[in-house]
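All remarks here apply to the structure that follows.
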Amino acid sequence: MERKKKVVRSIEKQTINEETGEVKQSSRENIVHFPSEPPYVKLYLEDIEYLYQLSKNSHRVLFELIKRMDYEGLVVLNSSIKKVISSRVGYRTVASLDNYISKELIKKGIFKRVDTGVYQPNPNLFGRGEWKDIKKKRDGWIKIDYKDGERVIKSSLSS
């Protein structure tokens, strides 16, 4: 069962004019408790390659992409970065990299295209930043429920 964030305590601060007793300023701060990060294990990129049945040496491309993931959970690829990645992984053209991203990573749900040259790695596989932010991304990525023995998949993101 998933724990929800809850207000643990509330702190109220007031600035009072000592001469008149009048409250000059008042503020309230809520201290919130987020669910703790779940237990995790390392999953190597070679294992993702195997589990998702990606083409051979895909882990090299995944490594180049994931190391560029920012704290917003996005990978931004302009033409210069694509040339560098293509060269490092042994692709002859940038088109080969684009093709791999579309036909392997996006098709298999490992990445989503957010905009031209902007991709979001699946937050259930890759995370960077604070757990509360990663959890929000996970909640928005995809939901899998089982109803009457059938698997029901819901996503708030467009494909």
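Cβ crowding within 10 Å ranks SER86, SER96, SER80 as SER80, SER96, SER86, fewest other Cβ atoms first.
One way to sum up the overall shape of the stretch 38-159 is the equivalent ellipsoid from its Cα gyration tensor, whose semi-axes run 26, 16, 15 Å, largest first.
Pairs from the list LYS103/LYS132; LYS83/LYS132; LYS108/LYS147; LYS67/LYS147; LYS83/LYS108 with a Cα-Cα gap above 28 Å: LYS103/LYS132; LYS83/LYS132; LYS67/LYS147. Dividing the Cα radius of gyration of the stretch 69-111 by its Kirkwood radius returns 0.99 for Rg/Rh.
Throughout, read-outs are computed from the coordinates displayed, never taken from laboratory work. This one's a predicted model, so the numbers in the text were calculated from it and none came from an experiment. In this analysis, Cβ positions are derived from the backbone assuming ideal geometry, glycine residues included, and neighbour counts consider all displayed protein chains.
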